[in-house]
Amino acid sequence: MTELNEKSFSEEVENSPVPVLVDFWAPWCGPCRAQTPILETLANEVGSAVKIAKVNVDEEENLARRFGVMSIPTLIVFKNGNPAAKAVGLHSLNDLKRLIEA
């Protein structure tokens, strides 16, 4: 999983040829920490078909604000550089698979 910041966001997400699932999270957030191993499993299953990335909202407040992140974890799927689907809270592997297919 790639850690994103404002500089890398454009290249990694907006210019990506494949869908990107971005996890907006913080290290002090219990549900966020619980989401990470599920995202790692998803990354292993989807391979290069979908990119999985993370944004630490404490370090990247402007990105969180830009995408209306009010609660964490917030998961946003970007397709062709644009938000295509959004989910808030802890989600199962199957939930995440459905999210990236939306």
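Throughout, read-outs are computed from the coordinates displayed, never taken from laboratory work. This is a predicted model, so every value here is computed, not measured. Every residue, glycine as well, gets a Cβ built from its backbone with ideal geometry; the counts of neighbours run over all protein chains shown.
Okay, here's what the table says:
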{"read-out": "Mean shadow area of the chain over all directions, Cα convex hull, nm²", "value": "5.5"}
{"read-out": "Per-pair calculated FRET efficiency, R0 = 30 Å: residue 102 and residue 41 via Cβ, rounded to 0.05", "value": "0.95"}
{"read-out": "Reach of residue 86 by Cα under 14 Å, taken over aspartates and glutamates that are not fewer than 8 positions away in the same chain", "value": "23, 95, 101"}
{"read-out": "Choice from 76, 52, 38 with maximal GNM fluctuation in the chain (Cα, 10 Å cutoff)", "value": "38"}
{"read-out": "Cα gyration tensor, the range 53-102 - rounded (a/c under 1.5), prolate or oblate", "value": "oblate"}
{"read-out": "Distance between modelled label sites at residue 71 and residue 84, nm, 7 Å Cα→Cβ extension", "value": "2.5"}
{"read-out": "Charge sum, other residues only, whose C-beta stays under 10 Å from residue 77's C-beta, Lys/Arg counted +1 and Asp/Glu -1", "value": "+1"}
